[in-house]
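Here is the structure we will look at.
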Amino acid sequence: MLKGVLQSERNRSLESNKIQDLDKKEGRIDDLLRATNCDLRWQICISMSKKLLIEKSTQEKLLSRRVFRHGASFTKQWTGGFAFQNLVKQQEWVNQQREDIERQRKLLGKRKPPTANNSQAPSTDSKPKQRKNKALNGAENDPFVRPNLPQLLTLAEYHEQEDIFKLRQGHLKKEEAEIQAELERLERVRNLHTHELKRINNEDNSQFKDHPTLNERYLLLHLLGRGGFSEVYKAFDLYEQRYAAVKIHQLNKSWRDEKKENYHKHACREYRIHKELDHPRIVKLCDYFSLDTDTFCIVLEYWEGNDLDFYLKQHKLMSEKEARSIVMQIVHALRYLNEIKSAIIHDDLKPGNILLVDGTACGEIKITDFGLSKIMDDDSYGVDGMDLTSQGAGTYWYLPPECFVVGKEPPKFSNKVGVWSVGVIFFQCLYGRKPFGHNQSQQDILQENTILKTKKVQFPLKPAVSSEAKAFRRCCLAY
């Protein structure tokens, strides 16, 4: 009897344990199913995001490309449209009207009446004048017919006609200004189109044009720009679900191993310098990875706006307030670079490396491209500065005189390089031209020692700027 009771309890205990084990297994299965479903949903979400982004990017590419037939082949070309042609015709009409008014004013001058004082004065040589006029009008025995002299107007008639000509000239001047403003607007639009056409051609020749996903994370959408050995793509970060800028460095396979190593070292230095920086006026670096032995990538935060160089090409110049705001932000970033533990010199500061966050001159800016930057460590930085190891690099219009060779020793430079660059950028923003070597190529600047010969900056008369702005530029551009 007792054995039966014990056996029954043992059976119930075993049954309970089995049920508990079964519940645990079912719970684990449910957890695995939920995890699997989450992974599947995540993969579906990623796949759908990629599909939609690729479709959108492909549609944008198709809309931006047009092919024209030229004989037996097809070519892409830019031609001025009706708006350009119409404005050119209007300009020609204005010029014709102006010439016509000038011609009529000259004729009017010949019919100008004598002043009251001259008309009251006695004429001592009236007879000779009469004889002269008679001779001009033609003598009886003169076989040639002389034109009649223009009939003089009254003083009131003369002033009336003169006022009409002045009003017509004022109207033509206003109309010409409107035509010129419209031409400049169309020129800016055309520059946008030619810039886009160049970008499209570069993208069509890129090996990354078919929306690859790099490092299983970054979906490339379209090309933003191309440099000597690198391309920058707008990408979508599938993990963070946000846009990014991916800078792809590609080494030439025909290069020697030593040259490849130096270039790779250069890019790694840019990554090491940039990854430690954290400032609102400096573009953040997010990631770094290699695709193969000859290709590696740097991932940066993405901004929609264009750079300052593109803005100046479109608008030529800006107001002093806008230029001052941009310069203050640049100086704020340079001060940060100089005050961090291992101070950094950005020795390629130029409008092309200054991003306008919203594409206008009245917003925030971001400094980018630290490829030529130098770390001011104690081993290489002396009292007189440090050696310029990458001489010939940088953009000559924005480099100070100390960055150019003056002897056998390598040139010295310091963090004051950025001060000179700021002065040049400020000058260009205000006047629409570079202060030194504006119409020269980089090669001409180097051969003719344009920067070395610079002793004093000359300020144009227009547009007018404040004395404080001039004093600031003089301090920045002190030789």
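Of the residues making up the stretch 294-342, those that are of a type in the set (Ser, Thr, Tyr) and not in a loop (DSSP other than H, G, I, E, B) are 295, 311, 325, 336. Across the stretch 243-289, the qualifying residues are those that are among the aromatic types (Phe, Trp, Tyr) and in contact (Cβ under 8 Å) with a residue 40 or more places away in the chain, and the one among them that is nearest to residue 365 (Cα to Cα) is 243. Is there a residue being assigned to a strand (DSSP E or B) and under 30 Å from residue 316 (Cα atoms) anywhere in the stretch 196-205? No, every residue in the stretch 196-205 fails to be assigned to a strand (DSSP E or B) and under 30 Å from residue 316 (Cα atoms).
Would you mind stating whether residue 437 is surrounded by 17 or more Cβ atoms within 10 Å (Cβ to Cβ) and assigned to a loop (DSSP other than H, G, I, E, B)? For residue 437, the condition - surrounded by 17 or more Cβ atoms within 10 Å (Cβ to Cβ) and assigned to a loop (DSSP other than H, G, I, E, B) - is met. No other residue among 238, 221 is within 19 Å of residue 55 (Cα to Cα), more than 23 Å from the chain's Cα centre (by Cα) and either surrounded by fewer than 13 Cβ atoms within 10 Å (Cβ to Cβ) or not assigned by TED's automatic domain parsing to the domain that holds residue 315 (or both) apart from 238. Only residues that are within 20 Å of residue 224 (Cα to Cα), touching a helix residue (DSSP H, G or I) at 6+ places or on another chain (Cβ under 6 Å) and among the charged types (D, E, K, R) were counted across the stretch 340-363, and they come to 1. Residues of the stretch 283-296 that are more than 17 Å from residue 231 (Cβ to Cβ) and surrounded by fewer than 18 Cβ atoms within 10 Å (Cβ to Cβ): 284, 293. Candidates 266, 274, 279, 249: the one that is out of contact with any helix residue (DSSP H, G or I) (no Cβ under 7 Å at 6 or more places or on another chain), modelled with pLDDT of 80 or more and either in a strand (DSSP E or B) or over 19 Å from residue 208 (Cβ atoms) (or both) is 274. Which residue is modelled with the lowest pLDDT, if the candidates are limited to the stretch 447-475 and must be surrounded by 14 or more Cβ atoms within 10 Å (Cβ to Cβ) and within 14 Å of residue 400 (Cβ to Cβ)? For the stretch 447-475, the residue satisfying everything is 454.
Just checking, how many residues over the stretch 445-471 are part of a helix (DSSP H, G or I), under 21 Å from residue 326 (Cα atoms) and without any contact (Cβ under 8 Å) to a residue 60 or more places away in the chain? Within the stretch 445-471, residues that are part of a helix (DSSP H, G or I), under 21 Å from residue 326 (Cα atoms) and without any contact (Cβ under 8 Å) to a residue 60 or more places away in the chain number 4. Residues that are of a type in the set (Lys, Arg), more than 30 Å from residue 203 (Cα to Cα) and surrounded by 10 or more Cβ atoms within 10 Å (Cβ to Cβ) do not occur anywhere in the stretch 47-59. Only one entry in 86, 148, 95 is within 30 Å of residue 201 (Cβ to Cβ) and modelled with pLDDT of 65 or more, namely 86.
I'd like to know if the stretch 408-418 contains one or more residues that are in contact with a helix residue (DSSP H, G or I) (Cβ under 7 Å, 6 or more places away or on another chain), farther than 30 Å from residue 274 by Cα and at pLDDT 85 or above. No, the stretch 408-418 contains no residue that is in contact with a helix residue (DSSP H, G or I) (Cβ under 7 Å, 6 or more places away or on another chain), farther than 30 Å from residue 274 by Cα and at pLDDT 85 or above.
Count of the stretch 428-479 residues, restricted to those that are over 23 Å from the mean Cα position of the chain (by Cα) and on the phi > 0 side of the Ramachandran plot, is 1. Among residues of the stretch 307-321 that are farther than 11 Å from residue 352 by Cα, those with a Cβ under 6 angstrom from a residue that is at pLDDT 90 or above, sequence gap 6+ or separate chain, pair up as 316/432; 317/432; 318/429; 320/465; 320/469.
State whether the residues of the stretch 425-444 include one that is touching a residue at least 40 places away in the same chain (Cβ under 8 Å), in the same structural domain as residue 350 (by TED's automatic domain parsing) and within 15 Å of residue 402 (Cα to Cα). Checked against the condition, which is being touching a residue at least 40 places away in the same chain (Cβ under 8 Å), in the same structural domain as residue 350 (by TED's automatic domain parsing) and within 15 Å of residue 402 (Cα to Cα), the stretch 425-444 yields no hits at all.
The values are calculated or read from the model by the stated rules, or taken from the named source; none is laboratory data. Because the structure is predicted, anything quoted here is derived from the model rather than measured. Neighbour counts run over all protein chains shown; Cβ positions are idealised from the backbone, glycine included.
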